[in-house]
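Colleague: Here it is, the structure in full.
Since every read-out is calculated from the coordinates, none of them should be taken as a lab result. What you see is a predicted model; the values in this text were computed from it and never measured. Cβ atoms come from the backbone with ideal geometry, glycine included; neighbour counts cover every protein chain shown.
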């Protein structure tokens, strides 16, 4: 498993963190996600063989957030 951290625009509460974590963890290549709305960050553990940044961005966008690469 590899780890990566992204900046996220649009999170403003604990519910945002939980929603983003759940949405990202639905992706088959993400093992875990931990968001922090105060810092505007999300950390993920993922399988690099199947990793798709486009799907990560689309998952965040579906909740109204923007992943900054």
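Colleague: Does the stretch 4-56 hold any residues that are assigned to a strand (DSSP E or B) and within 14 Å of residue 69 (Cα to Cα), and which are they?
Modeller: 4, 5, 6, 7, 8, 9, 41, 42, 43, 44
Colleague: Something else now. Report whether or not residue 55 is surrounded by 15 or more Cβ atoms within 10 Å (Cβ to Cβ), without any contact (Cβ under 8 Å) to a residue 40 or more places away in the chain and within 13 Å of residue 3 (Cβ to Cβ).
Modeller: no
Colleague: Looking only at the stretch 3-13, which residues are out of contact with any strand residue (DSSP E or B) (no Cβ under 6 Å at 6 or more places or on another chain) and surrounded by fewer than 14 Cβ atoms within 10 Å (Cβ to Cβ)?
Modeller: Those that are out of contact with any strand residue (DSSP E or B) (no Cβ under 6 Å at 6 or more places or on another chain) and surrounded by fewer than 14 Cβ atoms within 10 Å (Cβ to Cβ): 12, 13.
Colleague: What number of residues within the stretch 1-29 satisfy the criterion of being more than 11 Å from residue 56 (Cα to Cα) and in contact with a helix residue (DSSP H, G or I) (Cβ under 7 Å, 6 or more places away or on another chain)?
Modeller: Residues that pass the stated criteria total 2.
Colleague: Considering only residues that are farther than 14 Å from residue 3 by Cβ and surrounded by 14 or more Cβ atoms within 10 Å (Cβ to Cβ), which ones fall in the stretch 14-34?
Modeller: Across the stretch 14-34, the qualifying residues are 16, 17, 19, 20, 21, 23, 25, 27.
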